[in-house]
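Scroll down for the structure; my scribbles are underneath it.
The values are calculated or read from the model by the stated rules, or taken from the named source; none is laboratory data. Given the structure is predicted, the values throughout are model-derived calculations rather than measurements. Heads up, the Cβs are rebuilt from the backbone with ideal geometry, glycines too, and the neighbour counts pull from every protein chain shown.
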Amino acid sequence: MTETALKNTALIAPGPRGRLLVGNLHDFIDDFLLTMDRDFIAYGDIVRYRIGSRVMHVVSNPHYAQHILVDHQRDFPKVGGNGGLEIIAGNGLISNPSPESWLVQRRMMQPMFHRKRLAAMGEKIDAAGARMLQRWQALPNAAPIDMNHEMLQVTLDIIMQTMFSADMLGEVGKLAPAVTAAVDYANYQIFNPFSLPLPLPTKRNRAYMQARKVLDSMIFGLIQQRRAMNEPLGDLLDMLLEAQDADTGERMSNEQIRDEVLTIFAAGHETTANTLTFAWYLLGEHPEIRRQLQAELDQVLQGRAPSVSDLSNLPYTNQVFKEAMRLYPAAPITGPRRVTKPTQLGGYDLPIDSRVIVSITNLHRHPAFWANPLEFDPTRFAPNAQQPRHHLAFMPFGAGPRKCIGNNLAEMEGALLLACVAQHYNPQLQTGHQVQPEMAITMRAKGGMPMLLKRR
Ligand code: HEM
């Protein structure tokens, strides 16, 4: 069929009615995750929304994800100017909307995240896990903790260790609270599109500007200090400084390095921490699965501390982490893409210049691709149990050229931290707490995850 013929037969996708001027914005602000879930059940794999005057579709089918993110990705570039992560990461890899300059950046950064290079950082990850356990040893049995806070602390420790070498960690201690303040501001901006512009000195704006100042001066200081050193330290900062465009030999400017450092900070620790937090909740609710995980750890490790090099011998541990990512993907949607060519998906028209988002949450729970989709069952990922399903029915790290660059690091640290904790503890949700996921740039547990840290 020609494009014109396609257009003539296209239908407008179903979706909830919006309000007069703002369209469906209020649904997203009220509860983004609930809206996506409810409308998927009510309307199906493509749902049409209106945000102000702009049409946006949320798609929840792996075939459509393949079309948008992989096969025709050039026709669906990532959109800039959305606030959110861009506020922190500027022109960093995750938020750069220009396909040309993004490609140069991606080629420069890809080798940093190669499995072999990351394995060389394994000791730093092992050490961060050991530090967490040491901290916990001082607590009494069944001490009440916020598991989300604990997981954020350890993943931040890992990203600090791998990004900056240990001798600089004292200096960068101030970085973490400034990143948290900037992420809070970015999150507020997403759900409050009519908030007062930055130059106006509101309390919130001033707090953000202050955090931004700390981040800039500290990162530029570290870059300057490192450029003056002769010895490479082998951390991510070194790799950013050394990264070169293979074709032109060009290196990154200080501003670009600052943006990439903040991108890796912002994209690289909360995601893994939130996944682990939900994994502890799931394991607490399913003691039989936790016991199976512990049996594997006991058998393979024989009581010694786990290390990154053990992970290839811990298949069930890896499966548990994957299944937690399936049920609670830390990035529940892809960033919005712009439709630049007349497109039909599933018989519905996606108009030019409209936006399209892939719902990772809905793909991961799609009843056509998963048996008992809401059940926590790590054996779905056992090598001998792979059901014939579309490979994008599970895509916690996205797909296509803009797939997560940190996926290997996330899987490595996720499985290692699961092993570290499960070897010694049976964390249990505190009685009476209702777990509710919420969207805050990443998917996180609303109000944290109050648990009792029971020793095994
Ligand atoms: C469980 C942990 C993680 C999850 C679920 C996750 C998920 C994702 C997803 C879905 C995307 C694609 C977004 C899109 O298509 O719009 C993405 C991109 C990205 N992620 Fe992750 N991520 C995780 C961990 C990490 C880590 C550890 C790092 C770095 C240390 C990282 C850095 C990035 C970057 C830089 C991009 C942008 C890639 C590009 O556009 O070329 N992520 N991530």
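Computed quantities for the displayed model
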{"quantity": "Selected residue [within 16 Å of the ligand (Cβ to nearest atom) and in contact with a strand residue (DSSP E or B) (Cβ under 6 Å, 6 or more places away or on another chain)] from Asn187, Asn148", "calculated": "Asn148"}
{"quantity": "Single condition Met252 does not satisfy, out of (1) more than 30 Å from His26 (Cα to Cα); (2) without any contact (Cβ under 8 Å) to a residue 40 or more places away in the chain", "calculated": "(2)"}
{"quantity": "Residue satisfying condition, being among the aliphatic types (A, V, I, L, M), surrounded by 12 or more Cβ atoms within 10 Å (Cβ to Cβ) and in contact (Cβ under 8 Å) with a residue 60 or more places away in the chain, within set Ala243, Ala211, Ala207", "calculated": "Ala243"}
{"quantity": "Contacts under 7 angstrom Cβ, first residue in the stretch 330-343 being touching a residue at least 12 places away in the same chain (Cβ under 8 Å), partner part of a loop (DSSP other than H, G, I, E, B) and near the ligand (Cβ under 8 Å from one of its atoms), 6 or more apart", "calculated": "Thr334/Gly398"}
{"quantity": "Entirely in the stretch 201-268, the helices (runs of 4 or more DSSP H) that have 3 or more residues that are within 16 Å of the ligand (Cβ to nearest atom) and of a type in the set (A, V, I, L, M, F, W, C)", "calculated": "236-242, 254-268"}
{"quantity": "Qualifying position, being out of contact with any Asp or Glu (no Cβ under 7 Å at 6 or more places or on another chain), among the hydrophobic types (A, V, I, L, M, F, W, C) and surrounded by 21 or more Cβ atoms within 10 Å (Cβ to Cβ), among Ala331, Ala368", "calculated": "Ala331"}
{"quantity": "Candidate set: the stretch 389-413, residues that are within 6 Å of the ligand (Cβ to nearest atom) and in a helix (DSSP H, G or I); chosen: the one nearest to Leu103 (Cα to Cα)", "calculated": "Arg402"}
{"quantity": "Test: residue in the stretch 62-69 that is within 15 Å of the ligand (Cβ to nearest atom) and out of contact with any strand residue (DSSP E or B) (no Cβ under 7 Å at 6 or more places or on another chain)", "calculated": "yes"}
{"quantity": "Selected residue (criterion: modelled with the highest pLDDT) from residues of the stretch 146-178 that are closer than 24 Å to Ala279 by Cα and out of contact with any helix residue (DSSP H, G or I) (no Cβ under 8 Å at 6 or more places or on another chain)", "calculated": "Asp146"}
{"quantity": "Qualifying residue in the stretch 373-380 (condition: surrounded by fewer than 20 Cβ atoms within 10 Å (Cβ to Cβ) and within 16 Å of the ligand (Cβ to nearest atom))", "calculated": "no"}
